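Only one structure is covered here, and it is reproduced in the block below.
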Amino acid sequence: MGIVSGIPEKCKRCYTCVRECPAKAIKVERGEAKVIEERCIACGNCVKVCAQQAKRIEDNTQDVWYMFEEDARVIVCIAPSFPAAFNKASPKKIVAALRRLGFAEVWSVAFGAELVSREYKLLYEASLETQTPVIASPCPAMVSYIEKYMPELRHYLAPIVSPMIATARAIRYKYDGEPLRIVFAGPCIAKKKEIRDPFVSDTVDCVLTFKELETMFREAGINPEDLGEMEFDSPHCATGWSFPLPSGILKNSGIGLDILE
């Protein structure tokens, strides 16, 4: 099965997912809506619009449980949007919960966001001289869509990795040569597809959605609200926390937002 697949017994053949899929990656076969893996960009739109909850997302929780049993340091990189997903506990209590779960270190991807924002600033300044458009590339679903269905725009994609990859590369640089496993936790299904890209496939070992992470907390009997606060292991971040917000990439890159600019 692919990253997104159908659950036949739940499908009511309403065809909502067929109509709403931006990649036309769902077909109806024998009365059942099926995801066409080679066309799918893993954006998760079909999961969102399916009223019957007849779509299944690849579950990687067991993979992470197995990692905890290995003789290697297991580090989690968590997307800076996590306070919105776990809003009943303070952010630093979520850090404590992740350590209680079994992760040796907890890094914020806000750090990676600041690293890539520096590169976007340089790329933007160069594009002003050449008058060449730039399409930002932190979103793997958008990148997949362009590569598959709008190849004439590929050369406009910024040759810059996502904050997730930048953070993971920094971790591997720090622990060069040591047994290491890196897990990313975030809101985006398409991140599961991104780590399979051959250009970055040796960077992040596994991706969990926030829902999967919540499931792991529940299975381990961990309630973040009951824990004390702990600090991140990643370098201190400033504006990188705003990266997921509208215009966050522009704000972090120091690109003017005034309408006259």
* To do: For A25, state whether it is hydrophobic (A, V, I, L, M, F, W, C) and surrounded by 13 or more Cβ atoms within 10 Å (Cβ to Cβ).
  => yes
* Determine which member of the set T215, T167 is of a type in the set (V, I, T), farther than 18 Å from A113 by Cβ and assigned to a helix (DSSP H, G or I). => T215
* Structure fact -> The number of residues in the range 8-22 that are open to solvent by less than 30 Å² (accessible area, probe 1.4 Å) and at pLDDT below 90 is 1
* To do: Please identify the pairs in which a residue from the range 84-95 that is at pLDDT 95 or above has its Cβ atom under 7 Å from the Cβ atom of a residue that is buried (at least 17 other Cβ atoms within 10 Å of the Cβ) and in a loop (DSSP other than H, G, I, E, B), counting only partners at least 6 apart or on another chain.
  => K93/L227; I94/F86; V95/F232
* Among residues belonging to the range 198-210 that are closer than 19 Å to V109 by Cα and either polar (S, T, N, Q) or without any contact (Cβ under 8 Å) to a residue 12 or more places away in the chain (or both), point out the one that is most open to solvent (accessible area, probe 1.4 Å). => D202
* To do: Looking only at the range 60-119, count how many residues are of a type in the set (D, E) and within 18 Å of M164 (Cβ to Cβ).
  => 4
* To do: Would you check if there is a residue in the range 130-144 being in a helix (DSSP H, G or I), among the hydrophobic types (A, V, I, L, M, F, W, C), modelled with pLDDT under 95 and out of contact with any strand residue (DSSP E or B) (no Cβ under 8 Å at 6 or more places or on another chain)?
  => no
* Every residue from the range 220-237 that is open to solvent by 70 Å² or more (accessible area, probe 1.4 Å) and under 30 Å from L122 (Cβ atoms) -> H236
* Residues of the range 172-196 satisfying the condition of being at negative phi and free of Cβ contacts under 8 Å to residues at least 12 places away in the same chain -> Y173, K174, D176, R196
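One line per residue, one yes/no per condition, for (1) closer than 17 Å to C139 by Cβ; (2) of a type in the set (S, T, N, Q); (3) touching a residue at least 40 places away in the same chain (Cβ under 8 Å):
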site	(1), (2), (3)
V35	no, no, no
I41	yes, no, yes
C50	no, no, no
K55	no, no, yes
* Quick one: E114 ticks every box in (1) open to solvent by 20 Å² or more (accessible area, probe 1.4 Å); (2) more than 21 Å from the chain's Cα centre (by Cα); (3) not aromatic (F, W, Y) except a single one, so which number is it? => (2)
* Structure fact -> Considering the range 58-87, residues that are among the β-branched types (V, I, T) and assigned to a helix (DSSP H, G or I), and then whichever is surrounded by the fewest Cβ atoms within 10 Å (Cβ to Cβ), we arrive at T61
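The values are calculated or read from the model by the stated rules, or taken from the named source; none is laboratory data. Remember, it's a predicted structure, so these values are computed and weren't measured experimentally. Cβ sites come from the backbone with ideal geometry, for glycine too, and all protein chains shown count toward neighbours. We work out accessible area using only protein heavy atoms, side chains counted, and drop any ligands, DNA or RNA first. Shrake-Rupley method; radii C 1.70, N 1.55, O 1.52, S 1.80 Å.
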